[in-house]
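The values are calculated or read from the model by the stated rules, or taken from the named source; none is laboratory data. What you see is a predicted model; the values in this text were computed from it and never measured. Positions of Cβ are generated from backbone atoms using ideal geometry, with glycine treated the same way; all protein chains shown enter the neighbour counts. Surface accessibility is based on the protein's heavy atoms, side chains included, excluding ligands, DNA and RNA. Shrake-Rupley method; radii C 1.70, N 1.55, O 1.52, S 1.80 Å.
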Amino acid sequence: MRNLKLLKSLRSSELQGPGSPQCFSVRADTSSLLVASPYSITEFDPRTGQVVSEASLTADGFLPEDGTGLVVGLQDLAELESACLATATGDVVLFNLNTCQLECVGSVDSGLTSMSWSPDEELVALTTGQETVIMMTKDFEPITEVGIHQDDFGEGKFITVGWGKKETQFHGSEGKQAAHKKSQEVQPTAVWDDRRPRVTWRGDGQLFAVSAVCPQTGARKVRVWNREGVLQATSEPVNGLEQALCWKPSGSLIASTQRHPNKHSVVFMEKNGLLHGDFTLPFSKDQAKVKELLWNSDSTVLAVWLEDMTAGEDGQVNTYIQLWTVGNYHWYLKQSLEFGRDPQKAPVSVCWDPERPLRLHVVNRSWTTITYDWGWTTERSLGLDAADKANVAVIEGDKVLVTTFRQCVVPPPMCSFELQLTSPVNQVTFLCKPQGTNQLSAFTADGNISIFSQDSGEQTDKTADGFRNMSRPLVLQKTLRVSVLQEEPLALRQLLWLDDELFVGVSSSLLPTSSTLLLLRPAEDATDTLSVRSEVEVDGMVVSMVHSSQTGTVALQLEDGQIKKLLYDGPELSVKDWRDFSGCTINFPVPCVQTALCSISGEEYLLGLTDRSHLYAGDTELASNVSSFAVCNDFLIITTHSHTCRCLQLSTLSVKALQAALASDGGENDETLRRVERGSRIVTVVPQDTRVILQMPRGNLETVNHRALVLAQLRKWLDSLRFKEAFDCMRKLRINLNLIYDHNPKVFLETIIAFITQLNSINHINLFLTELKEENTTSTMYPPPEGSPVQPQPASGMKKVDIVCDALRSAMESMDPNKFCLSILTTHVKKTVPELEIALQKVHELRVNPPEAPGAVSAEEALKYLLFLVNVNDLYEHSLGTYDFDLVLMVAEKSQKDPKEYLPFLNMLKSLEPNYQRYTIDKHLKRYRKALLHLSKCGQEHFPEALQLVKEQKLYNEALRLYAADKAQYKALSCAYAEHLMEQQQAEQAGLLLWRCGEPASALQAFASSSSWRNAICVAQQLPLPPDQLALLARDLAEKLIEQRRYSEAALLLDQYAKDCEEAILALINGAVWEEALRLIYMHNRQDITETNLKPALLDAFGAQTVFLEAQVAAFIRHKTRLALVREQKEKARLNMLDEDGPDCPDAELYSEASSVMTGSKYSHSNSRISSRSSKNRRKAERKKLSLKEGSPMEDRALMYALSEIITTVDKMREEVHNLLKALVLFQFDRQAEKLQLVYEEALQMMEAAVPEVWPEGLQNNQAPLTGPNSTANSIMASFQQQQQQQQQKPVTSQQDAEIPPPPKMRNGVKWKLIVLK
């Protein structure tokens, strides 16, 4: 749905010469024109108006001096830096563009009728006066010469497989008489045909086609040849085929023209010569003749050069150039250039620019050259409110096809309505006035502006045939004639309709590199004429002009990218530079083909899209892969070549943020990004709506509701409490309905009655309730855009679903409980813990007391609805749990259950005693706690059943609460519970239960097995046990305590209850409890044990401690030395890496002190699958990973762990060494005590001094917390950023490494040394 819009035109009339031009070519490298006449060849620069080079064709005899010579072909050869021309006399001449010398490189005696070079300039095809084709290389070496007219079809001749005769074939709608129909004889070519052959090449240079007049029939026939000059195909006989011929560069079709009895068409042929499609020219049969057809370089535009067949009253003919495009298999006439009847203004040669696809060059008979530059544009209305119908206008000859996308989406070539004009339309513009953006004006080829607006009469919504009229067509209000001197077609361009009868346009200035801006208003004496009220000249070619409906700004863009601002409010037009807030001039770095004004963070910017897909905001590049864009309200919508559509809110973003957003790939729930079909382009965006209209490459349309637009619109509706519109939109576009609550929970709960009133539909309320879930959609699915305020969530402990259900139920019950009965049931069912019993009870109430209100829900309907929400089996069981058999039967009748399944069971239940009945129901429903409660009320005879239930379901605690402590049932339950605890290895607790319920013998066994000796002694004395058995019990308990290294407690039992002081003292000596052993020795007067046991034990302890300390010190020194060596090796490896790969090597961090991976190690990836193992294997792998084996990947970590364990172990010996020292001193073992104290002190000092070396400060800082009493905001932030960077730089494998152990803390405050020792 794009139109061609004239960006600029360059007219140059400085070139003059004898005769008139005959053909011309464009130099691709310099954009200068090569013009050939009967007298000379000239290179001319139209921008400067200067002749670059020139050579006479008559001086050397290539053409006669009388001007009757004819140049039949001219081609620029960039590689040879020459131009090649061919004359009708048969000479092929090279014109050197550097030396201006002419050289004849070949001559044909029979003369030449045409010359055509292949697109790659490697071959040239010449047609001669003898009706032959000569193929030559670029060095003019002949390849072949063949006759044009050949009887053979060619190598691509069709093959007949012989399936039946023509008479037996199916002929479609023509019927069987088509088999006997004689083929129509082709008519000779028209009288005006110049009968010269036409040659055209395919874009890849592999094939070329020749159109020539057949000598036998006098009609034209097209033949296709390959690059070697071998005939490939001959066209079928086509009656009325004309001289124009042009092969589409993309290679699919050959264009020509055909005159039918009732129309004049442009027809297309395939390379096999068969016709393939056509379109009709807007002329009658004998009104015009087609001189040439010309495809542009990218095959998007077909230029048709026509001339009237009959002369006017002045004897002159009119000349036209029409530009046609195709979309959705429909051909549109986009531009019509009418050159009038002046023969001096008539074109003599037309060609497209080889480099710029939309640049057309025209040379007329008076040597004037005109260069037109077009651009693609979508003419859309510029409204910002809901009154704008999102109109898009498409030019099709003398009609404007208008589609109103707010009401309906009509795929092209159809439309909402057509506007018929009297002359071809060249430009369409919508009114920029905010209240009238649906009005349209069309600028036609005859220089008039037609204004269309909505009819102010009565508006009918239905047509005569009863169909609804979705879009009322615009009505022609007036036609204004533009009084602007037009020396060439399209002298007025870039038309803007600013106000009711105020237009601004651009025309060419006297200087070729400047433009004139014209302010057009109706003349005072002639209201049907637009006259120039003000004009201003701009130094530069204006290529675009846009208007902002929000600010009224008009921005201009010049061809070099300069941006200007047009001021039209004053008495005279004025232009000033575009500046930003700081006063700096802003320009585009490169020219843009599409521009639009917008506001970014409060500052107005001009957006521009280049032909290379770069999007700019002023001089800042936003993105480099943009295929189209549009600005609507506060949003920028773009499509990209990566087949995505981005939608960004401009008010919340700065230019830098916009750059970053367009450069990012988008997250999982990024609402600004969505995928679209390949090649999609934006047609328009419906204002104040959610729809974006996209057009596919073929031409068909697609409407998408972009998530960003949808959410922005939903937020506006929810903020304004328009719940109905928001709900309908969310339901249609499948937006999660939780957003209605999550957007602003506080406001929703306060306005919940308005929500119910607006929806006013039970089904809609139920749909909202069934979609409720605990997830906060504003933080997961639909996060708000950056910069927007975040609504706080309620801080109550209740869950979201329960809050909403309770609030809705309360509101609906207060409004009309009968009307909202089903929704109230839904609120019960939807809660986190479904309240099915309450819902069923309400259904039962409806059955017992049916409501009399009209429209009220019956019990059957309510139950049927509940069955829709809840599984029938669950509902049946919950109804059974209410113990209401009427309700159970009601549910069962509505379900699909067989009565044989439930009736016997219900009858059996009805026959039981009430409590036992409820017990049976609860046990059936597996509600064992309730079953136990009801069974406990059934009497003594059912206690064995209750005890069995308790044992099966382990309901011991609940059962004990149901029976009194003085009952036999309580004792039986306690014994059963104790037995269960014994199985669970909880013997002490089992003993407590047995003791309190009156089973001391069993309690004694439980206490004894759990080594609870105090409770055991108490129970033994309560029984009471005889003294000998008590002593035996004490000895057994003491043995268990000694095994558990509880020597003091064992000694107490042996001394007080077993009456064996010697065993008690020996137990204390074995446990190194020296002082308590001395106390018992002197209490029982057993000093002999001091000599026999205590002193030897002290000396043994001294020796053991000394040996242990020496071993620990030796291991510590060994590990510390190895750690220093490992760190030195890693540092060398890191420095080597830096030397080889430079300081920015990303792997250098792998060799830092904190790293645990050595690149050269064979173990570097040995544990890559640890995460998939079991916990036991993971622990084993962790131990294996922290191996002290030399060369292991984390040997440094293992050494640090080992050193930390040694320090901790030695530091814990302070109390033990202190007690041993006191005992040694007491018994005169001073030498041993001094040695032990010295060894232990040296060990502690050595380890304390080694801590900073093993755990250097840098390593300790990594483990330091971010916060603390001495931290500042800056230090916390810097530390946090440093840790983030370190985490990002760590390789994947290092995430599995063990953490660095923190340095151990030594207990220097514990006093252990003796002063009496040296």
### Message
Just checking, does segment 798-820 include any residue being hydrophobic (A, V, I, L, M, F, W, C) and in contact with a Cys (Cβ under 8 Å, 6 or more places away or on another chain)?
### Response
no
### Message
Just the residues that are touching a Pro at 6+ places or on another chain (Cβ under 8 Å) and either modelled with pLDDT under 90 or acidic (Asp, Glu) (or both), please, taken from segment 407-424.
### Response
Glu418
#### Entry: Inter-residue pairs, beta-carbon under 6 Å, first open to solvent by 20 Å² or more (accessible area, probe 1.4 Å) and in segment 408-428, second acidic (Asp, Glu), 6+ apart
Pro424/Asp398
### Message
Cβ-Cβ under 7 Å, sequence separation 6+ or interchain: first residue in segment 957-985 and more than 21 Å from Arg929 (Cα to Cα), partner surrounded by 12 or more Cβ atoms within 10 Å (Cβ to Cβ) and not acidic (Asp, Glu). Which pairs?
### Response
Met982/Ala990; Met982/Ala1006
### Query
Leu1236: assigned to a helix (DSSP H, G or I) and open to solvent by less than 10 Å² (accessible area, probe 1.4 Å), yes or no?
yes
### Summary
If we keep only residues of segment 205-226 that are open to solvent by 30 Å² or more (accessible area, probe 1.4 Å) and at pLDDT 90 or above, then the residue nearest to Asp120 (Cα to Cα) is Gln206
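Results for (1) modelled with pLDDT of 90 or more; (2) more than 27 Å from Tyr372 (Cα to Cα); (3) not in a strand (DSSP E or B), shown as yes or no for each residue.
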| position | (1), (2), (3) |
| --- | --- |
| Ala393 | yes, no, no |
| Asn426 | yes, no, no |
| Asp455 | no, yes, yes |
| Gln477 | no, yes, no |
| Leu485 | no, no, yes |
| Leu496 | yes, no, no |
### Query
Which of (1) aliphatic (A, V, I, L, M); (2) open to solvent by less than 20 Å² (accessible area, probe 1.4 Å); (3) under 15 Å from Ser56 (Cα atoms) does Leu112 not meet, given it meets every other one?
(3)
### Count - residues of segment 216-228 that are in a loop (DSSP other than H, G, I, E, B) and over 53 Å from the mean Cα position of the chain (by Cα)
4
### Task
State all residues of segment 1020-1031 that are part of a helix (DSSP H, G or I) and loosely packed, with under 14 Cβ neighbours inside 10 Å; if no residue qualifies, say none.
Gln1021, Gln1022, Pro1027, Asp1028, Gln1029
### Message
Tell me yes or no: at least one residue of segment 646-655 is more than 25 Å from Thr551 (Cβ to Cβ) and either free of Cβ contacts under 8 Å to residues at least 12 places away in the same chain or open to solvent by 20 Å² or more (accessible area, probe 1.4 Å) (or both).
### Response
no
#### Entry: Residue check for Ser628: hydroxyl-bearing (Ser, Thr, Tyr), farther than 24 Å from Lys732 by Cα and touching a Leu at 6+ places or on another chain (Cβ under 9 Å)
yes
### Task
Evaluate the following for Ser627: is it over 23 Å from Gln550 (Cβ atoms), buried (at least 16 other Cβ atoms within 10 Å of the Cβ), in contact with a His (Cβ under 7 Å, 6 or more places away or on another chain) and free of Cβ contacts under 8 Å to residues at least 60 places away in the same chain?
yes
### Task
Go through (1) closer than 30 Å to Gly552 by Cα; (2) assigned to a loop (DSSP other than H, G, I, E, B); (3) in contact with a strand residue (DSSP E or B) (Cβ under 8 Å, 6 or more places away or on another chain) and name the single condition Ala386 misses.
(3)
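This table checks each residue for (1) buried (at least 22 other Cβ atoms within 10 Å of the Cβ); (2) within 22 Å of Leu302 (Cβ to Cβ); (3) not aliphatic (A, V, I, L, M).
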site: Glu228; (1), (2), (3): no, no, yes
site: Leu231; (1), (2), (3): no, no, no
site: Gln243; (1), (2), (3): yes, yes, yes
site: Trp247; (1), (2), (3): yes, yes, yes
site: Ile254; (1), (2), (3): yes, yes, no
site: Thr257; (1), (2), (3): yes, yes, yes
site: Asn262; (1), (2), (3): no, no, yes
### Query
Does Leu909 satisfy the criteria of being at pLDDT below 80 and part of a helix (DSSP H, G or I)?
yes
### Filtered residues of segment 1066-1103 (kept if more than 20 Å from Ile1042 (Cα to Cα) and basic (Lys, Arg))
Arg1086, Lys1095
### Query
Looking at segment 987-999, is at least one residue free of Cβ contacts under 8 Å to residues at least 12 places away in the same chain and in contact with a Leu (Cβ under 6 Å, 6 or more places away or on another chain)?
yes
### Query
Ala28: touching a strand residue (DSSP E or B) at 6+ places or on another chain (Cβ under 9 Å), free of Cβ contacts under 8 Å to residues at least 12 places away in the same chain and surrounded by fewer than 18 Cβ atoms within 10 Å (Cβ to Cβ), yes or no?
no
### Query
Which condition number does Ile1017 fail, the rest of (1) over 28 Å from Ala1101 (Cβ atoms); (2) outside any helix (DSSP H, G or I) being met?
(2)
### Query
Any idea which residue in segment 840-868 is nearest to the chain's Cα centre (by Cα), counting only those that are under 13 Å from Asp884 (Cβ atoms) and loosely packed, with under 15 Cβ neighbours inside 10 Å?
Glu845
